[in-house]
Amino acid sequence: MLVVDDQQLVRAGFTLIINGEPGMAVIGEARDGLEAIDLARKRAPDVVLLDIRMPGMDGLTAARTIIEQTDCRVLLLTTFDADEYIFEGLRAGASGFLLKDLPPEQLCWAVRSIAAGNALIDPAVTRRLILRFAAAARATGETPAPLKELTARELDVLRLLARGRSNAEISQELVVEESTVKSHVGRILMKLGLRDRVQAVVLAYECGFITPDLLGR
């Protein structure tokens, strides 16, 4: 894992937490986006833990380059939860977005989850995504054009994904095997040309597939 933050004490804290977990290790630290890109290319970590606001090249710019040029997965961390950072980070292809005030055990769980190929967004961020995109969407009763290739069941799965459900929760709600849900998710990503679940969720919001009436369900 690669830890990127302009503050040495913050890097040291993250490194101490990660190195204290079985099966996890920090293989490099960087102070800014340029160093992060260089180390990501040279050391090929599974996950890059990347701060957004840094002097010189910021985390969002670095994230785009790392995602485009390497197989590393990016987990964004910041004390700033302004919408523009959230949306730009997710559009850049980051696999997760968490706020820095999360407990150490949650950080370790997030890193393991992303290293395993999953994607995640802080629950508070998920709700804001819905509010931001759904407020501007006009429900027409028709399937949005970008989603026309999806089957009815795949649309059901996407709807539940956008509401923050895990594969296990989706399998229970749709009364199907969890392996079936994984297959549906895989086909959704393939048909839409997306990298992971986070990008699928963002697309669902942006095209108006999720509407305000889903917020409380």
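The values are calculated or read from the model by the stated rules, or taken from the named source; none is laboratory data. Given the structure is predicted, the values throughout are model-derived calculations rather than measurements. Counting neighbours? That spans all protein chains shown, and the Cβs are built from the backbone with ideal geometry, glycine included. These accessible areas exclude ligands, DNA and RNA; they are computed on the full protein's heavy atoms, side chains included. Shrake-Rupley method; radii C 1.70, N 1.55, O 1.52, S 1.80 Å.
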Considering only the stretch 1-22, state which residues are outside any helix (DSSP H, G or I) and farther than 16 Å from LEU50 by Cα.
GLY20, GLU21, PRO22
What is the one condition in (1) buried (at least 22 other Cβ atoms within 10 Å of the Cβ); (2) in contact with a Gly (Cβ under 6 Å, 6 or more places away or on another chain) that ILE67 does not satisfy?
(1)
Would a scan of the stretch 164-184 turn up a residue that is part of a helix (DSSP H, G or I), touching a helix residue (DSSP H, G or I) at 6+ places or on another chain (Cβ under 6 Å) and at pLDDT below 90?
yes
Pairs under 8 Å by beta carbon, first residue touching a residue at least 40 places away in the same chain (Cβ under 8 Å) and farther than 15 Å from ARG187 by Cβ in the stretch 151-166, partner open to solvent by less than 50 Å² (accessible area, probe 1.4 Å) and among the polar types (S, T, N, Q), six or more apart or different chains?
GLY164/THR126
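Condition check ((1) under 22 Å from the mean Cα position of the chain (by Cα); (2) in contact (Cβ under 8 Å) with a residue 60 or more places away in the chain) across all residues:
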site	(1), (2)
GLN7	no, no
ARG11	yes, no
PHE14	yes, yes
ILE18	yes, yes
LEU39	yes, no
ALA44	yes, no
Only residues that are of a type in the set (Gly, Ala, Ser) and surrounded by fewer than 18 Cβ atoms within 10 Å (Cβ to Cβ): list them for the stretch 1-46, please.
ALA12, GLY13, GLY20, GLY23, ALA25, ALA44
